[in-house]
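These notes are about the structure you will find just below.
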Amino acid sequence: MRFLTYVFVLAWTTPLPAQSTVDTTGTGSLIDQAMHHSEVMQNLEYLSDNIGPRLSTSPAMRRANDWTATRFQGYGLSAHLEPYQFGITWQRGTASLRITVPFSREITAHSWAWTEGTRGKTLAGPVVLTDLSTPESLAVYQSKVRGAWVLPRAPFLIWNPDGPAKTPEDSVRLEEQRKLRNAPFADTSAIAVMKRRQYQLDLPYILKSAGALGTLIDGAKEHALMTMSGSPTRVSPLPSMVISHEDYTLLTRLIGAGVVPRVEGQVQNRLGTTPVQQWNTIAEIRGAQLPGQVVILGAHLDSWDLGTGTTDNGTGAMVVLEAARAIAQSRVQPKRTIRFMLFSGEEEGLLGSRAYAAAHSGDMDSVQAVLVLDNGTGAVTGQALQGRTDLAGLWHQLLAPLATLNADSVRDANKNGTDHLSFLPYGVPGFNFDQISRGYDHTHHSQSDTYDKAVEGDLKQAAAVMAVTAVELANLPELLPRGPKSPVQPMPTKPSAGVATRVSRR
């Protein structure tokens with residue numbers, strides 16, 4: 001999961017039409033359960049250290065599905081696994097990379113997910129720096145990649161946190177460079193987004209056809225931490241490896257100084273050939289009065305596999321499990337059904353939540369709201385409104401009982417990159433709680449995402465917040481007003497016919 005926020009602090013001035021009075025009955029019992037009888041850490045430790053990393057399609061992911069369903073049932077909930085079509089499998093193999101010119105040493109590298117290996121060969125060649133951000137920039141460099149390892153863009157902009165403080169001039173310069181880097185993505189219209197998706201799908205096939213050996217991707221974090229990603233919706237026939245930001249910038253400096261660095265690499269991966277199923281774990285506490293109307297608490301259970309997937313998003317998943325335990329064992333009976341959903345396939349493009357929302361599209365008008373936790377181990381600070389400024393007053397009321405837990409801020413902010421987004425096109429009010437960072441930019445998708453980063457007090461607090469707000473929403477006298485509905489855009493999954501034909505003839 002990755003998110004961006006646009007922040008404006010709201011005063012409590014925008015009322016909900018037909019303003020609701022929030023029923024806070026039982027909130028004290030819920031907070032007591034979450035804060036003083038918690039099982040969140042023991043569950044998280046088992047998930048992180050025994051089941052381990054949960055790459056979608058891996059045996060560990062299915063084991064996590066089964067184990068969480070059993071845990072929900074042990075807390076008195078009904079639970080089941082719901083399947084969906086995921087895409088092809090991918091298994092990570094060993095990878096090695098070495099710089100050979102202008103000196104020789106090993107470079108730590110990990111294969112980008114859902115990319116091809118080198119099929120037993122060691123591929124050696126020069127490194128070329130390109131800009132492949134658009135079809136137009138590709139045209140400039142396409143003839144220069146034959147027989148080479150390709151750096152697809154200039155390095156990410158990372159400020160050394162231990163160096164001198166930024167000056168105003170530094171900030172202006174970095175902002176200008178950031179805008180320049182993001183310029184190709186400025187057009188957010190549906191057509192532009194679809195064209196960019198198709199281009200990114202076509203790009204590795206074009207590079208392979210042009211004779212490139214593979215791509216090297218900037219790890220984009222300091223101190224040799226990596227950022228892992230990839231998806232069955234963007235399968236690459238070309239080997240791609242992520243390397244540290246420090247090594248990426250070394251290669252770009254050498255090129256800028258007129259030196260042609262050379263590297264040799266080998267990677268063993270296994271790409272599947274036919275689509276397979278994956279599963280979302282779903283549990284619920286049935287509503288006493290309006291069981292057909294539902295509040296959804298969600299988090300993704302899958303993870304990347306460089307670490308053990310603790311903060312992204314074992315913490316969120318175990319907080320959802322803990323919120324279920326707290327509600328069930330507090331004996332608070334919600335009027336509406338509360339459904340607890342642990343999604344798979346989030347890291348590959350919200351695949352599990354998108355599939356669930358599509359499969360249940362006819363029921364979306366009965367979903368009161370979707371509340372997601374997916375920003376790491378940090379305590380909840382409040383709620384980002386995701387464009388629903390009409391609900392600002394309501395959120396102030398919902399969070400008022402949590403003021404002593406410092407979880408009562410309300411912001412006009414849009415957050416991207418996690419499962420609440422899958423429900424927005426259907427008009428469902430969807431939210432991703434704000435959280436304290438707690439080093440999330442370092443643990444996110446990296447080898448540092450491990451159990452020792454979890455903060456017990458924060459996770460207890462987050463479970464209390466999710467339990468309280470879920471019950472309050474379940475007990476409102478009416479359904480929340482729907483948001484704007486929009487067509488669900490299909491995601492390209494195949495390269496353009498002409499591109500595929502050119503590659504197949506090689």
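Would you please give the residues with an amide H less than 5 Å from that of Asp374, counting only those at least 5 places away or on a separate chain, with H modeled from the backbone geometry?
Phe433
What length, rounded to one decimal in nm, is gained on full extension from Arg63 through to Ser361, with 0.36 nm per residue of separation minus their alpha-carbon distance? Present the calculation step by step, with values, prior to reporting the outcome.
Details: separation 298, 0.36 × 298 = 107.28 nm, distance 2.81 nm.
So the extension gain works out to 104.5 nm.
Antiparallel versus total DSSP beta bridges in the range 357-448: what percent is that, nearest 5? Walk me through the numbers before you get to the answer.
Values: 3 of 9 bridges.
Among the beta bridges of the range 357-448, antiparallel pairing accounts for roughly 35 percent.
Tell me, how many Å apart are the Cα centres for the range 134-180 and for the range 41-66?
36 Å
May I ask for the distance between the Cα centers of the range 402-478 and the range 248-298, given as a whole number of Å?
After rounding, the separation between the Cα centres reads 20 Å.
Evaluate the charge dipole of the range 360-506 about its Cα centre and quote only its size in Debye, nearest 20, assuming +1 on the Cβ of each Lys and Arg and -1 on the Cβ of each Asp and Glu. Can you show the working numbers first?
Values: 12 positive and 15 negative charges, 201 e Å.
It works out to roughly 960 debye.
Heavy atoms only, probe 1.4 angstrom, no DNA, RNA or ligands counted: give me Arg388, Arg339 ranked by accessible area, highest first.
On the way: Arg388 25, Arg339 50 Å².
From most accessible down to least: Arg339, Arg388.
What size of dipole, in debye to the nearest 20, comes out for the chain about its Cα centre when the only charges are +1 on Lys and Arg C-beta atoms and -1 on Asp and Glu C-beta atoms? Walk me through the numbers on the way to the answer.
On the way: 46 positive and 46 negative charges, 399 e Å.
Dipole magnitude for the chain comes out near 1920 debye.
Using the beta-carbon distance between Asn416 and Thr274 and R0 = 22 Å, what value does 1/(1 + (r/R0)^6) give for FRET efficiency, to the nearest 0.05? Spell out each step's value before the answer.
Values: r = 31 Å, r/R0 = 1.43.
Rounded to the nearest 0.05, the efficiency is 0.10.
Please report the antiparallel percentage of DSSP beta bridges with both residues in the chain, rounded to the nearest 5. Walk me through the numbers on the way to the answer.
Details: 37 of 67 bridges.
About 55 percent, rounded to the nearest 5.
From a point 7 Å beyond the Cα of Gln329 in the direction of its Cβ, which residues of the range 56-98 have a backbone N at a distance under 15 Å?
Under cut-off, by backbone N: 71-77.
State, to one decimal in nm, how far the label point of Thr249 lies from the label point of Arg173, with both points 7 Å from Cα in the Cβ direction.
The two pseudo-label positions are separated by 1.2 nm.
Which length gain, in nm to one decimal place, applies between Arg482 and Lys494 when the Cα-Cα distance is subtracted from 0.36 nm times their residue separation?
Details: separation 12, 0.36 × 12 = 4.32 nm, distance 3.40 nm.
In short, 0.9 nm is gained.
Which value, in debye to the nearest 20, describes the size of the charge dipole of the range 433-506 about its Cα centre when Lys and Arg Cβ atoms bear +1, Asp and Glu Cβ atoms bear -1, and nothing else is charged?
Numbers: 9 positive and 8 negative charges, 191 e Å.
Its charge dipole is roughly 920 debye.
Number of Lys-Lys pairs in the chain under 16 Å by Cα, sequence gap 8 or more or different chains? Walk me through the numbers on the way to the answer.
On the way: Lys121/Lys208; Lys144/Lys208; Lys195/Lys494; Lys208/Lys494.
Close lysine pairs under the 16 Å cut-off: 4.
Got a sec? Charge dipole of the chain, +1 on Cβ for Lys and Arg, -1 for Asp and Glu; which of Met241, Leu476, Pro53 is way out at the positive end?
Met241
With point charges of +1 on the Cβ of Lys and Arg and -1 on the Cβ of Asp and Glu, referenced to the Cα centre of the chain, which listed residue (Ile255, Gly147, Gly345) lies farthest in the positive direction of the dipole?
Working it through, the farthest residue towards the positive pole turns out to be Gly147.
Give me the number: length gained by fully extending Ala183 to Ser437, i.e. 0.36 nm times residue separation minus the C-alpha to C-alpha distance, one decimal in nm.
Values: separation 254, 0.36 × 254 = 91.44 nm, distance 2.72 nm.
Result: 88.7 nm gained on full extension.
The values are calculated or read from the model by the stated rules, or taken from the named source; none is laboratory data. Not measured: the values here are computed from a predicted model. Backbone-built Cβ (ideal geometry, glycine too); neighbour counts: all protein chains shown. Quick note on the areas: whole protein, heavy atoms, side chains included, nothing else; ligands and nucleic acids left out. Shrake-Rupley method; radii C 1.70, N 1.55, O 1.52, S 1.80 Å.
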